[in-house]
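One structure is given below, encoded as structure tokens.
The values are calculated or read from the model by the stated rules, or taken from the named source; none is laboratory data. Bear in mind the structure is a predicted one, so any value in this text is a computation, not a measurement. In this analysis, Cβ positions are derived from the backbone assuming ideal geometry, glycine residues included, and neighbour counts consider all displayed protein chains.
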């Protein structure tokens, strides 16, 4: 029986991924910052909850040691913990920017480093980074979030070269719009409180984004893609999921910067 460790399992993609792997017969180490509040996993076989905060190195090391002691090995690690900041960059403080990077980039790197040390000693494993279509294409008002996901893409692509000889494989799962707390409870929206100069732009963006989310798929489609990436032996690195993500990534490859930017502006009425 294989073991998977998943970060950020309190909701959305992370929670759905716990269900997906548990139902497929895996042992699941489901990690959260506050696992004492979790009730949905109580009846799932072979699922154990652990405390893990990706912004705290000691928390990561402690949890990996506990999981290794409990299950012996960790075959797959899914770096899912993260959240999104959007809004006008002018109004974003250094603290907001640092927190976004500390979770989405540095936290992912901390977990990845811990996973490498374990997997190198056990002669292999697989690390799946939950990126975004926003790691390869951009939209208005997500400058900081996009920059974290572009960083994850570059980090992962470069890192895979040095890990190949240890039989450690890296995967990038790139969701498009997905119905999760990312767009609700977890959303951190920033706008200036000293000017209304951005108000018209923000309204047009929010109106267009609301229409997109009406057609968005649920997190289960991403969980199924993560499961496929965990088993895939083809050497494939990137897995796009969630309409219209795959289509938009193909269009971006075909269009010049000028044409792509025109398309985005038009779609948002800008």
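Suppose the filter is surrounded by fewer than 21 Cβ atoms within 10 Å (Cβ to Cβ) and in contact with a helix residue (DSSP H, G or I) (Cβ under 7 Å, 6 or more places away or on another chain); does residue 178 pass it? Taking the combined requirement at face value, the residue does not satisfy it.
Looking across the stretch 49-60 at every residue that is surrounded by 17 or more Cβ atoms within 10 Å (Cβ to Cβ) and outside any helix (DSSP H, G or I), the one that is nearest to the chain's Cα centre (by Cα) is identified as 54.
So which of 211, 204, 253, 266 is at pLDDT 90 or above, closer than 27 Å to residue 91 by Cα and exposed (fewer than 12 other Cβ atoms within 10 Å of the Cβ)? Reasoning before the result, please.
Working: 211 fails: at pLDDT 90 or above; 204 fails: exposed (fewer than 12 other Cβ atoms within 10 Å of the Cβ); 253 fails: closer than 27 Å to residue 91 by Cα.
Within the list 211, 204, 253, 266, the selection yields 266.
Highlighted here are the strands (runs of 3 or more DSSP E) found entirely within the stretch 69-147 that include at least 2 residues which are more than 15 Å from the chain's Cα centre (by Cα) and in contact (Cβ under 8 Å) with a residue 60 or more places away in the chain: 85-87.
Output the number of residues of the stretch 214-240 satisfying the condition of being under 25 Å from residue 163 (Cβ atoms) and modelled with pLDDT of 95 or more. Number of matching residues: 15. Could you list, in sequence order, the residues of the stretch 17-37 that are in contact with a strand residue (DSSP E or B) (Cβ under 6 Å, 6 or more places away or on another chain) and surrounded by fewer than 18 Cβ atoms within 10 Å (Cβ to Cβ)? Result: 35, single match. Within the stretch 185-193, is there a residue that is touching a residue at least 24 places away in the same chain (Cβ under 8 Å), surrounded by 16 or more Cβ atoms within 10 Å (Cβ to Cβ) and within 18 Å of residue 133 (Cα to Cα)? Within the stretch 185-193 (the criterion being touching a residue at least 24 places away in the same chain (Cβ under 8 Å), surrounded by 16 or more Cβ atoms within 10 Å (Cβ to Cβ) and within 18 Å of residue 133 (Cα to Cα)), the answer is no, since none of the residues qualifies.
To keep it simple, each residue is scored yes or no on (1) modelled with pLDDT of 95 or more; (2) touching a strand residue (DSSP E or B) at 6+ places or on another chain (Cβ under 9 Å).
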position: 124; (1), (2): yes, yes
position: 152; (1), (2): yes, yes
position: 155; (1), (2): yes, yes
position: 161; (1), (2): yes, no
position: 165; (1), (2): yes, no
position: 174; (1), (2): yes, yes
position: 184; (1), (2): no, no
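From the list 9, 31, 63, the lone residue that is at pLDDT 95 or above and part of a loop (DSSP other than H, G, I, E, B) is 9.
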